[in-house]
Amino acid sequence: MALAELAARLNCAEYKNWVKAGHSLVLLRAALQRFAGEQVQAFHRQLVARDAARLSPPGRRCSGKCAPRGKQFQPACSLCKEWKKEILNHHTHRTGEVNWGNCKPWLWPSNPWELAKAYMPRGKAESCGPDKCDASALLNLFSLCDHFSGIDQKKVREVIKCRNELMHSSDMKISSSWLKRFGNHVQNLLTEFQHVPEAQTAAERIEKLMKVAIQHLDDTCSQLSKAVVRLARYFNSLSSMTST
Ligand SMILES: [Zn+2]
């Protein structure tokens, strides 16, 4: 029964749409990783250069006792207090919640990525660079940190909204019209990165995935579902042999 259900699932067009949308997010993430990493370093450099005496005073370090919990963070040292202030100054939702629990504050003066994580969804405490991030983390960074305000924020929000809908699809199925709309939003966002070669490559690959790859995916799925049917027959023959 389970194998028959799997065969049906692999033949389901709406499930294949869901797989394609998920893979588009993987391609989008790959397109934006290097850009995000470089920009986070530039952002950190700018903050420190603007006010080195406050954010990187010589000889002063956090004692390491400043430990945030979830959305709560009361700095125990004056250096972390200054960094917290600076992070909030560059937050696009000044009154919004910050997932401080993502960060190790004592690393803020020296590690740009620890700063970036303050603008990401929760659960990023162990992320140590853009190559360990999913598309959602990078898109939230672009949306919540004003260093990225040069990117059309409406385009960023559209893709975040679609990504959330995709992840909350309880039966892992999406319609072809939804997939088309999603593909358009992703392509729209990628136009913001004309200067990033990986983004142009991703745009081409996603376009192919949405059109040409349908047949390939269909072939792969039909081969898989045939294999599942063969397996089911094999198990049936086994059980009839043991029952006789
Ligand atoms: Zn501290």
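The values are calculated or read from the model by the stated rules, or taken from the named source; none is laboratory data. All values derive from a computational prediction rather than experimental measurement. FYI the Cβ positions are ideal-geometry reconstructions off the backbone, even for glycines, and counts take in every protein chain you see. Heads up: the accessible areas ignore ligands, DNA and RNA and are worked out on the full protein's heavy atoms, side chains in. Shrake-Rupley method; radii C 1.70, N 1.55, O 1.52, S 1.80 Å.
Just a yes or no: is a residue in the range 45-53 open to solvent by less than 60 Å² (accessible area, probe 1.4 Å), without any contact (Cβ under 8 Å) to a residue 24 or more places away in the chain and either within 15 Å of the ligand (Cβ to nearest atom) or touching a strand residue (DSSP E or B) at 6+ places or on another chain (Cβ under 7 Å) (or both)? Taking every residue of the range 45-53 in turn, none turns out to be open to solvent by less than 60 Å² (accessible area, probe 1.4 Å), without any contact (Cβ under 8 Å) to a residue 24 or more places away in the chain and either within 15 Å of the ligand (Cβ to nearest atom) or touching a strand residue (DSSP E or B) at 6+ places or on another chain (Cβ under 7 Å) (or both). Would a scan of the range 149-169 turn up a residue that is among the polar types (S, T, N, Q) and under 13 Å from the mean Cα position of the chain (by Cα)? Yes, the range 149-169 has at least one match. Answer with yes or no whether ALA116 is more than 16 Å from the ligand (Cβ to nearest atom), of a type in the set (A, V, I, L, M, F, W, C) and open to solvent by 80 Å² or more (accessible area, probe 1.4 Å). So ALA116 does not fit the description; no. In the range 68-91, the residue that is least open to solvent (accessible area, probe 1.4 Å) out of those that are within 13 Å of the ligand (Cβ to nearest atom) and polar (S, T, N, Q) is SER78.
Scanning the range 153-179 for residues that are within 24 Å of GLY37 (Cβ to Cβ), in contact (Cβ under 8 Å) with a residue 40 or more places away in the chain and open to solvent by 60 Å² or more (accessible area, probe 1.4 Å) yields a total of 0. PRO58 passes every criterion in (1) over 18 Å from CYS128 (Cβ atoms); (2) more than 16 Å from the ligand (Cβ to nearest atom); (3) not in a loop (DSSP other than H, G, I, E, B) apart from (3).
Across the range 63-82, what is the total count of residues that are assigned to a loop (DSSP other than H, G, I, E, B) and more than 27 Å from the chain's Cα centre (by Cα)?
If we filter the range 63-82 for residues that are assigned to a loop (DSSP other than H, G, I, E, B), which is where we start, we get 63-68, 70-71, 73-77.
Filter once more, keeping what is more than 27 Å from the chain's Cα centre (by Cα): 63-66, 74-77.
Looking only at that region, the number is 8.
In summary, TRP106 fulfils each of the numbered conditions (1) more than 17 Å from LYS124 (Cα to Cα); (2) within 9 Å of the ligand (Cβ to nearest atom); (3) open to solvent by 30 Å² or more (accessible area, probe 1.4 Å); (4) in a helix (DSSP H, G or I) with the single exception of condition (1).
Remark: pairs (first residue in the range 102-123, farther than 18 Å from ASP134 by Cα; second residue away from the ligand (no atom under 16 Å from the Cβ) and at pLDDT below 95; Cβ separation under 9 Å; 6+ apart in sequence or on different chains) = LYS104/ALA125; ASN111/CYS128.
Can you pull out every residue in the range 185-244 that is modelled with pLDDT under 85, open to solvent by less than 40 Å² (accessible area, probe 1.4 Å) and not in a helix (DSSP H, G or I)? Passing the criteria: none in range. Tallying residues that are closer than 17 Å to PHE193 by Cβ and either open to solvent by 30 Å² or more (accessible area, probe 1.4 Å) or at pLDDT below 95 (or both) within the range 124-139 yields 2.
Return yes or no: is SER63 touching a helix residue (DSSP H, G or I) at 6+ places or on another chain (Cβ under 7 Å) and within 14 Å of the ligand (Cβ to nearest atom)?
Details: touching a helix residue (DSSP H, G or I) at 6+ places or on another chain (Cβ under 7 Å): no; within 14 Å of the ligand (Cβ to nearest atom): yes.
Criteria not met by SER63.
Taking GLY22, is it on the phi > 0 side of the Ramachandran plot and either outside any loop (DSSP other than H, G, I, E, B) or loosely packed, with under 15 Cβ neighbours inside 10 Å (or both)? Don't jump to the end; show me each part of the working.
Details: on the phi > 0 side of the Ramachandran plot: no; either outside any loop (DSSP other than H, G, I, E, B) or loosely packed, with under 15 Cβ neighbours inside 10 Å (or both): yes.
Criteria not met by GLY22.
With respect to GLY150, determine if the residue is away from the ligand (no atom under 16 Å from the Cβ), open to solvent by 50 Å² or more (accessible area, probe 1.4 Å), at positive phi and not in a helix (DSSP H, G or I). Against the criterion (away from the ligand (no atom under 16 Å from the Cβ), open to solvent by 50 Å² or more (accessible area, probe 1.4 Å), at positive phi and not in a helix (DSSP H, G or I)), GLY150 does not qualify.
Looking at SER78, SER136, which one is small (Gly, Ala, Ser) and touching a helix residue (DSSP H, G or I) at 6+ places or on another chain (Cβ under 9 Å)?
Numbers: SER78 fails: touching a helix residue (DSSP H, G or I) at 6+ places or on another chain (Cβ under 9 Å).
Step by step, each of SER78, SER136 is checked, and only SER136 is small (Gly, Ala, Ser) and touching a helix residue (DSSP H, G or I) at 6+ places or on another chain (Cβ under 9 Å).
Of the residues that make up the range 93-103, is at least one open to solvent by 70 Å² or more (accessible area, probe 1.4 Å), assigned to a loop (DSSP other than H, G, I, E, B) and acidic (Asp, Glu)? Checking the range 93-103: at least one residue is open to solvent by 70 Å² or more (accessible area, probe 1.4 Å), assigned to a loop (DSSP other than H, G, I, E, B) and acidic (Asp, Glu).
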